[in-house]
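Right, one structure below, let's go through it.
The values are calculated or read from the model by the stated rules, or taken from the named source; none is laboratory data. Please read all numbers here as calculations on a predicted model, not as lab measurements. Note: ideal-geometry Cβ built from the backbone for every residue, glycine included; neighbour counts use all protein chains shown.
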Amino acid sequence: MEISTFIVLASLVAIIVYCVVIYNNLVSIKHNVSKSWANIDVLLKQRHDELPKLVEVCKQYMQYEQDTLEKVMKARSAVASAQQKGDISSVGKAETQLRMGLGGLFALAENYPDLKADQSFQHLQQRISGLENAIADRREFYNEAVNINNVRIEQFPDVIIANKFKFVAAALLEFSEEEKQDVDVKALFS
């Protein structure tokens with residue numbers, strides 16, 4: 001075999017191996033995005049299951065606050081619907097409404113000493129608050145995985161493999177400006 005033929009074959013093998021490595025890295029990154037979303041999804045479902053229990057406990061004490069309770073349940077339904085559709089943007093918007101509703105519900109609970117003292121309410125409030133914190137943590141990991149995915153599929157030479165095998169950008173999980181702002185405590189109690 002001639003040296004020039006060997007060099008051409010070796011170069012071709014090196015290019016193929018390099019493309020396989022890029023492809024495998026892109027697959028790994030794509031699955032990290034899916035895994036990160038699955039972690040959030042589990043927490044959202046857990047919180048979704050706890051909210052009716054919280055509303056039921058509150059109904060026993062908050063007979064005149066039906067509007068607040070209904071807002072929480074509507075927001076819960078909106079989150080579930082957006083999750084089922086896989087619409088990350090809608091999940092973010094619905095989450096904002098749900099968090100605002102929960103904030104209002106917990107603020108109203110301050111007006112009901114018997115409710116605040118109820119062990120079921122205390123347990124559910126702690127459980128939901130813990131889930132909220134865990135969701136915030138997982139959202140950070142998810143958005144980091146999405147960022148890595150989106151950067152890699154746009155970088156050269158990865159973009160060539162990404163386009164060839166139809167790797168697509170993922171959506172960040174973002175919440176509205178309302179949620180990012182400090183809570184107006186006076187408004188919650190008025």
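Counting residues in segment 72-92 that are touching a residue at least 60 places away in the same chain (Cβ under 8 Å) and surrounded by fewer than 18 Cβ atoms within 10 Å (Cβ to Cβ) gives one or more.
Once segment 92-148 is narrowed to residues that are farther than 17 Å from residue 82 by Cβ and of a type in the set (Lys, Arg), the residue that is modelled with the lowest pLDDT is 116.
The residues on offer are 33, 57, 17, and the sole one that is at pLDDT 90 or above, of a type outside the set (Gly, Ala, Ser), more than 19 Å from residue 170 (Cα to Cα) and out of contact with any Lys or Arg (no Cβ under 8 Å at 6 or more places or on another chain) is 17.
Evaluate segment 38-53: report whether one residue or more is modelled with pLDDT of 95 or more, part of a helix (DSSP H, G or I) and under 21 Å from residue 85 (Cβ atoms).
First, the residues of segment 38-53 that are modelled with pLDDT of 95 or more: none.
No, segment 38-53 contains no residue that is modelled with pLDDT of 95 or more, part of a helix (DSSP H, G or I) and under 21 Å from residue 85 (Cβ atoms).
The lone criterion from (1) modelled with pLDDT of 85 or more; (2) not in a helix (DSSP H, G or I) left unmet by residue 76 is number (2). Against the numbered list (1) part of a loop (DSSP other than H, G, I, E, B); (2) in contact with a Leu (Cβ under 9 Å, 6 or more places away or on another chain); (3) under 30 Å from residue 98 (Cβ atoms), residue 128 comes up short only at (1).
Scoring residue 114 on the criteria (1) within 30 Å of residue 144 (Cβ to Cβ); (2) of a type in the set (Asp, Glu); (3) surrounded by fewer than 18 Cβ atoms within 10 Å (Cβ to Cβ) leaves a single failure, condition (1). Contact map, segment 1-30: residues that are part of a loop (DSSP other than H, G, I, E, B) paired with residues that are not charged (D, E, K, R), Cβ distance under 9 Å, separation 6+ or inter-chain. Pairs shown: 1/9.
Being assigned to a helix (DSSP H, G or I) and touching a helix residue (DSSP H, G or I) at 6+ places or on another chain (Cβ under 9 Å) is the filter here; which residues of segment 106-122 pass it?
Selection gives 106, 107, 108, 109, 114, 115, 116, 120, 121, 122.
Of all the residues in segment 4-44, those that are surrounded by 12 or more Cβ atoms within 10 Å (Cβ to Cβ) and either farther than 25 Å from residue 147 by Cβ or touching a helix residue (DSSP H, G or I) at 6+ places or on another chain (Cβ under 7 Å) (or both) number 15. Kindly check whether there is at least one residue in segment 94-105 that is of a type in the set (A, V, I, L, M), under 14 Å from the mean Cα position of the chain (by Cα), part of a helix (DSSP H, G or I) and surrounded by 16 or more Cβ atoms within 10 Å (Cβ to Cβ). Yes, segment 94-105 contains a residue that is of a type in the set (A, V, I, L, M), under 14 Å from the mean Cα position of the chain (by Cα), part of a helix (DSSP H, G or I) and surrounded by 16 or more Cβ atoms within 10 Å (Cβ to Cβ).
In segment 132-143, is there at least one residue being part of a loop (DSSP other than H, G, I, E, B), surrounded by 18 or more Cβ atoms within 10 Å (Cβ to Cβ) and under 17 Å from the mean Cα position of the chain (by Cα)? It would help to see each step written out before you state the result.
Step one: of segment 132-143, the residues part of a loop (DSSP other than H, G, I, E, B) are none.
Scanning segment 132-143 turns up no residue that is part of a loop (DSSP other than H, G, I, E, B), surrounded by 18 or more Cβ atoms within 10 Å (Cβ to Cβ) and under 17 Å from the mean Cα position of the chain (by Cα).
Does segment 158-166 contain at least one residue that is part of a helix (DSSP H, G or I), under 15 Å from the mean Cα position of the chain (by Cα), modelled with pLDDT of 85 or more and surrounded by fewer than 18 Cβ atoms within 10 Å (Cβ to Cβ)?
Within segment 158-166, the subset part of a helix (DSSP H, G or I) is 158-164.
This time we only want the ones that are under 15 Å from the mean Cα position of the chain (by Cα), so: none.
Checked segment 158-166: no residue is part of a helix (DSSP H, G or I), under 15 Å from the mean Cα position of the chain (by Cα), modelled with pLDDT of 85 or more and surrounded by fewer than 18 Cβ atoms within 10 Å (Cβ to Cβ).
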